[in-house]
Structure formats: structure tokens, C-alpha cells
Amino acid sequence: MSDAAPPAIEAAGLTRRFGGVTALDGVSLAVRPGEFFSLLGASGCGKTTLLRIVAGLDRPDAGELRLHGADALALPAHRRPVNTVFQSYALFPHLSVRDNVLFGLRMKRVPAAAAARRAAAALELCEITGLADRRPHQLSGGQRQRAALARALVNEPRVLLLDEPLAALDLQLRRQLRAGLLALQRRLGITFLLVTHDQEEALALSDRVAVMRAGRIEQAGPGEALYRRPATRFVAEFLGACNLVPGRVLEAGLVETPLGRWPATLTPPAGEAVHLAFRPEAVRPAAAGEAGAFEARVVDRMFTGPAVEFTAEAAGVTLRLTAPPDAGETARLQPGRTARLIVPPEAVTVLRA
């Protein structure tokens, strides 16, 4: 894909108000062609409003929206190169899976033979050819999700909008279908814009993630970068478990905390209150004589299967630790015992308080 190609989706200053509530507050973003991009946030953060504006189901009060370089706000929904898969799937209950997939093509007056070929290809792509004659009530949740995908893809959109398509499924099935959804996107090479409140889903699927809060984008970038280097306390806490240790900047590169003095890069000016943020898996027992260690009392231990989670207290600060269940060094971490712990400086991010 050429670097000169315009963004598949480009929003500039999108604002949407409902009475006294601002659902979108000057949102700007650019989604690259062929990218899997996720809007992540809690209910009411504005992510679905943004998706509906891209789909043409709502209009902003201010701002601009372009799809592949063309002004999208001048186009009605049915003329935009997008299709949407909704959380409820919105399948017609009185139609078979095949007729649900064919519906959009018939509305566009696509010739019957061509429509049949495209529908058959979409059913095969979503691996539901054998279910073509069933009605939606005869399908499982995962099968309905694939039927909704086939109905959207048969229209050959340049952008596929996904409004929490896995939210109604149980956890095991959601995880199973994630892999299929990602493989489908990679095979098609079209742009996917996913709305979700599930942090694990967004991190697992996306090339980039935008974390939204109160109608604004708090931070956007590759999921791993957001997880390891959150820009704000909100992002740090929203993207999984995070330890936050209060501190104050002494000088450039040095922060005073209840756990001792910590070296840190890109710190705010001296005297400013900050928090040191680091993930539970970054905390480990210190080797004998290892510099930078601090003492903590282990309060709790919980086996979760793939990991063991610990809670510890150090100088009035509660910390969370995570380790593999077979990690020999964690054998010393038992409730009621004192242990020396360490966090590598490179795993720490300094956040303004």
C-alpha cells in the first residue's frame, strides 16, 4: 500500500451533542487503508456515536469526515463504501441465511446470477455454506455472527464497521471467533473499524487502538505501546491491571517515592507530583544484593491457572504481582512473609498525578 494513499477513514474535529450531553468532543483520527483499528472505551465514551457517524446513521454537529479522501458527510449511508455488523446481528428472522446475505444485493438490483455468485463466495468465506438454508433462530450465536459478517461482506465494502460483534457470545466462543475474525481481515485486506469495551479483544485484534473517554481520544497507537507506555493514568488503569506508586520529581531523571528513589526518563519538572506506573508482570523477587530492591509483605496469593497473582504491601503502597505458576523464584512469595522485590526501571512509566 502506497504511503501516498489517503486514509481509509479521516475524521477532523467531529463533535456531536445530544441536548446538554457532548457525546463527541472534537475527535480527530486517521485510519490507514487495510488497517484493523479499534475504538476502545467504557459505555458512554462516544465510540458507538463515532461509528454511527462513519456509517452515515448519524450526523455530527461540527467537524469533517472523509472516506478514502472523499467527503463522506455529503453522502447518504447507502452510498458510502462501508457496511456495518451490529452487536444484535440484525438478521431478518423470516429469511434464510442465504436470503439474508442476498438482501442487500437485491436492493441494489444486482443481476440474479451475479448476486448468487457473490452470496455463495461470502458464505464460503465465512464458512457457513452448509447453513445457507437455515433461519437465524436455528443458528448458534457464533453462526449468527458469521452470517452477519457474510451479509456485510457480500456488498464488497472498502471499510467494515463492527459494533461489538462478539459481545453477546460467551467468553470461550469470543476467543475462538477472534482468531477467525483477524484471519478474515488479513485475507480480505480491507479496513476494519471495531468498537469494543473489551480490552483483551482490542489488544488481540488491532493494528492500532484508540482509547476513548468522555467523547475524546485519550491515547491512540499500537496496543502493545499503549499497554507498556500509557500516556495517562486513565489509559494505564483501563488497559488491564496496573500498579500506581505516588511520587515527586526531585530533578530530571529522578523521582522520590515511598519505595525509594527511582530513575526515570522524560519526567515532568522538578517538584511536580507524579505516579510511577508499571504492570504486575514487571514486578519480581530481587536477587541477593540486587540494587534497587525494596521490602514488601505478601498479603495474598491467588492461583488462576496460567498465572499466580499476588498482592503485597510496601511502605503503605499496595502492589499487584503476576508470575507463571511454575516460576521457582515466586515460591518465596507466600502470604504473611516478607520479600525483597524489584521493578526494572525500563518497565516504569512516569505519569502526571
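Structure data summary
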| quantity | calculated |
| --- | --- |
| Residues S88, S206, S38, S96 arranged by fewest to most Cβ contacts within 10 Å | S88, S96, S206, S38 |
| Nearest 10 degrees, 0 to 90: helix 171-188 Cα axis against the chain principal axis | 60 degrees |
| Förster radius 22 Å - calculated FRET efficiency between A70 and A121 (Cβ-Cβ, nearest 0.05) | 0.25 |
| With Cα atoms, 0 to 90° folded angle of helix 112-125 axis to the chain main axis | 20 degrees |
| Furthest towards positive pole of dipole, T48, T257, V235, structure part the chain, Cβ charges | T48 |
| Net charge over other residues, Cβ less than 12 angstrom from the Cβ of H68 (K, R count +1; D, E count -1) | +2 |
| Charge sum, other residues only, whose C-beta stays under 9 Å from A210's C-beta, Lys/Arg counted +1 and Asp/Glu -1 | +1 |
| Dipole of the chain, positive direction: furthest Cα of A288, L188, G328, with charges on the beta-carbon | L188 |
| Rg ratio (alpha-carbon, reference 2.2 N^0.38 Å) - the chain | 1.19 |
| Relative contact order of region 241-352, pairs being alpha-carbon contacts under 8 Å that are 6 or more residues apart, as % | 30 percent |
| Distance histogram for region 90-134 (every C-alpha pair counted, 5 angstrom bins, percent rounded to whole numbers) | 5, 25, 32, 25, 13, 0 |
| Rg ratio (alpha-carbon, reference 2.2 N^0.38 Å) - region 140-201 | 1.06 |
| Value of D in µm² per second that Stokes-Einstein yields for region 1-114, Kirkwood Rh from Cα pairs, at 4 °C (1.567 mPa s) | 81 µm²/s |
| Computed [θ] at 222 nm, deg cm²/dmol, the chain (DSSP H ≥ 4; -39,500 (n - 2.57); rounded to nearest 500) | -7000 deg cm²/dmol |
| Contact order normalised by residue count of region 9-233, Cα under 8 Å, 6+ apart, percent | 29 percent |
| Overall dimensions of region 241-352 as given by Cα atoms, namely Rg and Dmax in Å | 14.2, 44 |
| Folded to 0 to 90 degrees: helix 97-107 orientation relative to the chain principal axis, Cα | 70 degrees |
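Readers should treat all values here as calculations from the given coordinates under stated rules, not as data from a laboratory. This structure is a prediction, so every number in the text was calculated from the model and none was measured. Every residue, glycine among them, receives a Cβ derived from its backbone with ideal geometry; neighbour counts consider all protein chains shown.
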